[in-house]
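Structure, as structure tokens:
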Amino acid sequence: DHVSSSTIPLSTRKNVVIAGGGPAGLLVAHCLLARGDRYNVEIVESREDPRQTVAGPRSYSLGLNIRGQAAINHFDVPKKSPGLWGALTPLGVESDSFVLHIGSKKIHLRKPQKKDDSVAKIETPVEGPEVPPTLLIPRNKLCVGMLQNLENLYAGSGRLTMTFNSRLIGVDLVNQVAEFDEKRFL
């Protein structure tokens, strides 16, 4: 299995610190770790572990449309991060209709499709009737799903470390050092 064995000596791997464990940082971690044994990845997040918190009333949802799904599915293949999309879909709700409300005016950005309808090119970059529904998912749950998938694939490999409640203080690009609270990373 590509994620449990180490074929490249530790000394030749590049150490990468990702400051921020949000959706973008987690997708970068998936990208780097999916490239084989070339990288050791440390994710450092200033907030607490999202798996330990419940999304509150002020949380917000993100819509993963065809472009977001393509970015995630690019890594959801056997030799990269298998199961990533499958880990996310049960955490959200699919929607194939969007309406923009401006005052009392409603603008239909995307209407539910029938099997024989085609989608106008202005509405989506895909031609033809097969446009997947957008996945509406709370940001916290998106992070939880991406973290769980990372851990399922890379825990125990020695290539993934996650630190929470640690704030970025500064970066020294010349010496390639990032400083987080009381912790220094080389």
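Points to keep in mind about this one:
- Computed from backbone phi, the HN-Hα couplings of region 153-160 come to 8, 10, 4, x, 7, x, 9, 10 Hz, rounded to whole numbers (Karplus: 6.51 cos²θ - 1.76 cosθ + 1.60, θ = phi - 60°; Gly and Pro given as x).
- Loop-resident GluC sites (Glu not before Pro) (DSSP state other than H, G, I, E or B) in region 23-83 with no more than 10 further Cβ atoms inside 10 Å of their Cβ: 48.
- Amide H to amide H distances under 5 Å link residue 181 with 167, 169, where only residues 5 or more positions off or on other chains count and H is placed in the peptide plane.
- Potential lengthening between residue 167 and residue 77 on full extension [0.36 nm per residue; Cα-Cα distance subtracted]: 29.1 nm
- Once the C-beta distance of residue 46 and residue 155 is scaled by a Förster radius of 25 Å, the resulting FRET efficiency is 0.65 to the nearest 0.05.
- Whole-Hz couplings from phi, Karplus 6.51/-1.76/1.60, listed for region 33-44; x for Gly and Pro: 5, 6, 8, x, 8, 7, 10, 9, 10, 10, 9, 10
- Residue ranking by accessible heavy-atom surface, 1.4 Å probe, largest first, among 53, 12 comes out as 12, 53.
- FRET efficiency for residue 24 and residue 94, using Cβ-Cβ distance with R0 set to 22 Å, rounded to 0.05: 0.45
- Extending 7 Å from Cα along the Cβ direction at residue 102 and again at residue 175 yields two label points whose distance is 5.3 nm.
- Heavy-atom surface of region 53-96, accessible at 1.4 Å and reported per residue (Å²): 62
- Each residue of region 80-90 was assigned a 3J(HN,Hα) from its phi angle through the Karplus curve 6.51 cos²θ - 1.76 cosθ + 1.60 (θ = phi - 60°); the sequence is 10, 10, x, x, 5, 5, x, 6, 8, 4, x Hz, with glycine and proline shown as x.
The values are calculated or read from the model by the stated rules, or taken from the named source; none is laboratory data. Keep in mind that what you see is a predicted model, and the values were worked out from it rather than measured. Note that we place each Cβ from the backbone using ideal geometry, even for glycine, and neighbour counts take in every protein chain shown. These accessible areas exclude ligands, DNA and RNA; they are computed on the full protein's heavy atoms, side chains included. Shrake-Rupley method; radii C 1.70, N 1.55, O 1.52, S 1.80 Å.
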